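The values are calculated or read from the model by the stated rules, or taken from the named source; none is laboratory data. These figures come from a predicted structure and were not determined experimentally. Methodologically, a virtual Cβ is constructed for each residue, glycine included, from the backbone with ideal geometry; neighbour enumeration extends over all protein chains shown. The accessibility values were calculated without ligands, DNA or RNA, using every heavy atom of the protein model including side chains. Shrake-Rupley method; radii C 1.70, N 1.55, O 1.52, S 1.80 Å.
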Amino acid sequence: MKKWAEIWLGMGCTAAVFLVGLVGFAPPSEASSPVRAPIFTGPSAVPLPSAPVADAAPPPVCPASQTTLRVVFGDEVRELALEDYIYGVVAAEMPAAFPEAALEAQAVAARTYALYQSAAGKHADVGGDVCGESTCCQAFAAQEELDARWGPDAAFYTQKLRAAVTATQGEVLTYDGALAAAVYHASSDGSTRSAAEVWGGSQPYLTAVSTPEETGQKGHGVGMSQRGAQALALEGADYREILAHYYSGVTLARLK
């Protein structure tokens, strides 16, 4: 397998270097067959920003350790543990059948984007940090919804996604010591798009890169392709390599 760009750990927000082992799972119904790409049935990935990335406020610096988020659900604001929120986002944004490395990459991107939005004051006017809507921030699914969706495989998928979140706990992407706007999308057609091409403003870590898929573009095409992450994971890439490939020059850091 082609070796993707190396990503350095523990820089930017902390000097600690860490390694996380990957945990493998195989439910009885899927153990003997290869992972198939589920069909995306709804609006997937982070929606277009309301303004071009380059025109937004300066990116927030990497925050101190944050353990909760105030999540807006309609007229209600609920405080959720950060990692519980990330679990609900990963479950809503990426098919649970995807490989562990893809799910781990999704967890880091989702955590980074949520904290970026929070630090930028996205929902400060209503006392929130982020919301649970894919048309505004990121999609979120509660456990009851997931149990109904996954049916008899609910326990397996819950464990699998929880493990992906735990394996990357507290990890975020930074660029020049500040949180990155870690946008992502469902699929691309062999190449992602740059922020400049799509929104008219550039970010050095949101450039066009090749992606091992030919499924057609779905979403804005900027940042990590979820189907591309799946393909790279199936080729043997870990989540660090996936993130380094789609977000040029970023640093993988742990919250203080």
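Here's how it looks for Val222: its modeled amide H is under 5 Å from those of Arg193, which are all 5 or more places away or on a different chain. When Rg and the Kirkwood radius Rh are both evaluated on Cα atoms of the stretch 124-240, their ratio Rg/Rh stands at 0.99. Under the simplified labelling scheme, the Gln143-Thr67 pair shows an inter-label distance of 1.9 nm, with each label point 7 Å from Cα along Cα→Cβ. Based on the Cβ-Cβ distance from Glu214 to Glu79, what FRET efficiency comes out when R0 is 45 Å, to the nearest 0.05? My answer for the efficiency is 0.60. Scanning residues 5 or more positions from Thr68 or on other chains, those with amide H under 5 Å from its amide H are Leu82, with H placed 1.01 Å from N in the peptide plane. Taking every C-alpha pair closer than 8 Å and separated by at least 6 residues, the mean separation divided by the residue count of the stretch 156-256 gives a relative contact order of 33 percent.
Largest first, the residues Glu133, Glu144 sort by 1.4 Å accessible area into Glu144, Glu133.
Rolling a 1.4 angstrom probe over the protein heavy atoms with all chains in place gives the stretch 71-110 an accessible area of 26 Å² per residue. For Ser202, the residues 5 or more places off, or on other chains, whose built amide H falls under 5 Å of its own are Ala54. In order along the stretch 133-144, the Karplus-derived 3J(HN,Hα) couplings, from 6.51 cos²θ - 1.76 cosθ + 1.60 at θ = phi - 60°, round to 10, 5, 7, 10, 10, 9, 5, 9, 10, 6, 4, 4 Hz, and Gly and Pro are given as x. The GluC sites (Glu not before Pro) of the stretch 148-217 meeting both criteria, a DSSP state outside H, G, I, E and B (loop) and at most 15 other C-beta atoms within 10 angstrom of the site's C-beta, are Glu214.
Mean sequence separation of contacting Cα pairs (under 8 Å, at least six apart), scaled by the length of the stretch 197-256, corresponds to a relative contact order of 41 percent. Measuring between their Cα centroids, the stretch 146-210 and the stretch 215-256 lie 7 Å from each other. Each residue of the stretch 231-248 was assigned a 3J(HN,Hα) from its phi angle through the Karplus curve 6.51 cos²θ - 1.76 cosθ + 1.60 (θ = phi - 60°); the sequence is 5, 5, 5, 5, 7, x, 6, 8, 5, 5, 5, 4, 5, 5, 6, 8, 10, 5 Hz, with glycine and proline shown as x.
Taking θ as phi - 60° and the Karplus parameters 6.51, -1.76 and 1.60, the scalar couplings of the stretch 78-87 work out to 10, 8, 10, 4, 3, 6, 5, 5, 5, 4 Hz in sequence order, x denoting glycine and proline.
Annotation for Thr135 and Leu234: the two label points, set 7 Å from Cα along the Cα-Cβ direction, are 3.3 nm apart.
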